[in-house]
């Protein structure tokens, strides 16, 4: 809508009419992937208050439009579309002149799963003396820029993929030297027996490892294109996925084309693999379109938000390979979560806090909980005298075995955390993500080379060690639905006695977005002010994430109904998005009349997807911004 | 007419840099590197001149370690025809770069040399001026508008100076350094990035060009700026004057 308005004043009447058709998403592609400027964003809300309504020469109202009149314009467009008839693939005018490039396999996401799949494909091709063209698109500015993880790495999948990783100088140097598990109270730390067995595992920076995997993939001939965001799924007439299209670049905030406008590019693949990580934007669309949750293990996915910092600490406090996990304070017994503290090399320490997103109190602020945690007398001394280097956040899957969707759809498959193979009690998902990519690659090769059905991937998954591992781990996280202590007790039972052979499979509780209680039933939490030495305010932390987006682009966080924040989120839930977002994207500010309105600072976004998951009415949709934007993680 | 554009691989502008613990410089390992923004603007201007038909070829040049090739590939993806990489590991100062570029200009004989006004890592703002000096060519620095007149072999350059805008007429061949407002660089599109992989990058060393890379400068120490001290709330004007006189020594 917005783009139409600003360009029609420049273009001829006919072309503006065709422009309006192509802008509006086709009806069969609900929630169409490149549904741009049709939805309002924080920007339009603010300006809507101040700018008067005016009309351009075609009689359509000029941007900015008042929010209250939003529906009126919407219906006008639908009439126009009905006149001429919407067509499936036109979701933007530029799609009329989009270049199309063909590959055998297109992989969305250069993370552990995507790169492992690419590497395995090329390896299998070499073994069989054939070649397949493999293309990986990555929305981060470089490979590894959007990768964040604890990370205590289990090299099981890497041993299978690249057995000589040590000789090939993989950035895996620090073996785990100690494993501690503490239950924290406000002032004390009680040592509990460690439920982990990290022998043979390493403390690494996953971002660095993924960078290395990227080099290995390129050596094998994989084409990797960082800085390009896959924003649209391409279908053929039989609803089979034939590839993806990247974002248009150079679109201004109001939807008009800037000087350096470039239309997106269509990357068509005989097989498309989605490896976007947890709550991948395109993967979620695929899952809902093809009903993959019901066809899979059946349960909805549950999530947690992990916030992490990397510090450089003084030499005498650093113990390479030391691994610590804590539970308890500052979270209460109804909220699942805890912290991790891993000592890497070069005096660097990874410290982070994970909060399950099915928390009940809308006043909970995961970022502030993390800052509070760092003040614990057992933790603070380590950080004093040190420097905070990087900051970031990302959601992670906690659904495990019960939530695995059926990963195959016509035209491709979903791999890695986009499907959800994280082992919650182990708190490890990188090895299973990599293995899922490798299994998919094997199936894809056979599909392309021999014509066997891609559905074999599901069978291979169920026969692999991923399945056994996740099956044995399935009852730990759901046990915590009953609270911290029952959860610990049940986990103890599961770990020491049943050892994964329990005859029952516990179910998850409500979906995360439904678990939030109304604000009137909960107590606001008073968080201490940051001291600037060990804890910091949000802007300071955000600065360390190197996150950046071109400010002059449409906001990538779309509200399906722009009225809901002020009608539901704020009065009933006290605006939880202003608290759970680890990047302060959402802020309620007063306008001239004293009313609180939602302001979306899309530029701050860390691409963590917490808002997409936790918004009570699922009104916030995270869509992908222009490629190259987002955080710039290097040692996360 | 050939245009030569010199580009530099620097720490990406969005990265938060920090000083190395040994204070010898800024931490550049594990840090995102990209093309200097002013060099992007320079390359964009060269491409626009070529697209308007006033130039036949755009050659991108970079001096530095092996990874400069990545930056040159980005330049090729934006539209440069050829690239030259002069390989040298180790610190390079503007005068050495200027000498190397002079040698390349003598070999390639371009009609115009365009550079960014300064690199965002050292902010020297010297290379363009030094090349012009070595070549004895006219220079138009801080260009915010460039208009080429092919027939008369003249470039009209609007410069951003402290007092406002200054317009210069330069006889070609000339050196132009670009400022921020000159243009908005284009995105390298995916198809172009793919095509750029097959475009040629010539490799040279400073020895090939008979340039000795040595410097009379040595960076002794790099420090972070001192932490801002807290302010002091004063109770009277007399106290203020006293502090300004005796502590800050400004009056």
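Would you mind finding the one in B:175, B:222 that is within 30 Å of residue B:73 (Cα to Cα) and either surrounded by 11 or more Cβ atoms within 10 Å (Cβ to Cβ) or within 14 Å of chain A (Cβ to nearest Cβ) (or both)? Steps first, answer last, please.
Details: B:222 fails: within 30 Å of residue B:73 (Cα to Cα).
After ruling out the rest, the residue left standing is B:175.
Name the helices (runs of 4 or more DSSP H) wholly inside segment A:366-463 in which the number of residues that are out of contact with any strand residue (DSSP E or B) (no Cβ under 9 Å at 6 or more places or on another chain) and under 20 Å from residue A:123 (Cα atoms) is 2 or more.
Numbers: elements: A:366-373, A:380-383, A:430-450, A:456-462.
Where helices (runs of 4 or more DSSP H) fall fully within segment A:366-463 and carry at least 2 residues being out of contact with any strand residue (DSSP E or B) (no Cβ under 9 Å at 6 or more places or on another chain) and under 20 Å from residue A:123 (Cα atoms), they are A:430-450, A:456-462.
Taking the conditions exactly as written (surrounded by 13 or more Cβ atoms within 10 Å (Cβ to Cβ), within 14 Å of chain A (Cβ to nearest Cβ) and modelled with pLDDT under 90), does residue B:209 satisfy them or not?
On the way: surrounded by 13 or more Cβ atoms within 10 Å (Cβ to Cβ): yes; within 14 Å of chain A (Cβ to nearest Cβ): no; modelled with pLDDT under 90: yes.
Judged against the criteria, residue B:209 is not a match.
Could you please find all residues in segment A:175-208 being part of a strand (DSSP E or B) and surrounded by fewer than 21 Cβ atoms within 10 Å (Cβ to Cβ)?
Residues satisfying the conditions are A:175, A:178, A:179, A:180, A:181, A:183, A:189, A:190, A:191, A:192.
Take residue A:553 and decide whether it is more than 23 Å from residue A:387 (Cβ to Cβ), touching a strand residue (DSSP E or B) at 6+ places or on another chain (Cβ under 9 Å), within 14 Å of chain B (Cβ to nearest Cβ) and in a loop (DSSP other than H, G, I, E, B).
yes
Testing residue A:468 on (1) more than 21 Å from residue A:104 (Cβ to Cβ); (2) touching a residue at least 60 places away in the same chain (Cβ under 8 Å); (3) assigned to a helix (DSSP H, G or I), one condition comes back false. Which one is that?
It is condition (2) that residue A:468 fails.
Kindly indicate the residue of segment B:14-52 that is at pLDDT 90 or above and away from every other protein chain (no Cβ under 14 Å) and also surrounded by the most Cβ atoms within 10 Å (Cβ to Cβ) among those meeting that condition.
Of everything passing the filter in segment B:14-52, B:42 is surrounded by the most Cβ atoms within 10 Å (Cβ to Cβ).
What number of residues within segment A:140-168 satisfy the criterion of being within 14 Å of chain B (Cβ to nearest Cβ) and within 30 Å of residue A:425 (Cα to Cα)? Even if it seems obvious, please write down each step before you answer.
Just the residues of segment A:140-168 that are within 14 Å of chain B (Cβ to nearest Cβ), to begin with: A:140-147.
Now narrow it down to the ones that are within 30 Å of residue A:425 (Cα to Cα): A:140, A:143-147.
Adding up the residues that qualify gives 6.
Given the criterion more than 13 Å from every other protein chain (Cβ to nearest Cβ) and more than 30 Å from residue A:536 (Cβ to Cβ), identify the matching residue among A:250, A:221, A:296, A:264.
Values: A:250 fails: more than 13 Å from every other protein chain (Cβ to nearest Cβ); A:221 fails: more than 13 Å from every other protein chain (Cβ to nearest Cβ); A:264 fails: more than 13 Å from every other protein chain (Cβ to nearest Cβ).
Selected residue: A:296, the only one of A:250, A:221, A:296, A:264 that is more than 13 Å from every other protein chain (Cβ to nearest Cβ) and more than 30 Å from residue A:536 (Cβ to Cβ).
Give the residues of segment A:471-500 that are under 25 Å from the mean Cα position of the chain (by Cα), closer than 30 Å to residue A:121 by Cα and assigned to a helix (DSSP H, G or I), sorted by residue number.
Residue satisfying the conditions is A:471 alone.
Which of (1) outside any helix (DSSP H, G or I); (2) away from chain A (no Cβ under 14 Å); (3) surrounded by fewer than 22 Cβ atoms within 10 Å (Cβ to Cβ) is the odd one out, the single condition residue B:63 does not satisfy?
All conditions are met except number (3).
Given the criterion more than 14 Å from the chain's Cα centre (by Cα) and more than 25 Å from residue A:208 (Cβ to Cβ), identify the matching residue among B:49, B:17.
Details: B:17 fails: more than 25 Å from residue A:208 (Cβ to Cβ).
Every option except B:49 fails the conditions.
Kindly list the number of the only condition in (1) touching a strand residue (DSSP E or B) at 6+ places or on another chain (Cβ under 7 Å); (2) within 14 Å of chain A (Cβ to nearest Cβ) that fails for residue B:121.
It is condition (2) that residue B:121 fails.
Name the one entry in A:490, A:559 that is touching a strand residue (DSSP E or B) at 6+ places or on another chain (Cβ under 7 Å), away from chain B (no Cβ under 14 Å) and over 17 Å from residue A:365 (Cα atoms).
On the way: A:490 fails: touching a strand residue (DSSP E or B) at 6+ places or on another chain (Cβ under 7 Å).
Being touching a strand residue (DSSP E or B) at 6+ places or on another chain (Cβ under 7 Å), away from chain B (no Cβ under 14 Å) and over 17 Å from residue A:365 (Cα atoms) holds for just one of A:490, A:559, which is A:559.
Can you tell me which residue is farthest from the other protein chains (Cβ to nearest Cβ) among those in segment B:181-202 that are surrounded by fewer than 20 Cβ atoms within 10 Å (Cβ to Cβ), in contact with a strand residue (DSSP E or B) (Cβ under 6 Å, 6 or more places away or on another chain) and in a helix (DSSP H, G or I)?
The residue in question is B:181.
The values are calculated or read from the model by the stated rules, or taken from the named source; none is laboratory data. Everything quoted here is computed from the prediction, not taken from an experiment. For neighbour counting, all protein chains shown are included, and Cβ atoms are generated from backbone atoms with ideal geometry for every residue, glycine included.
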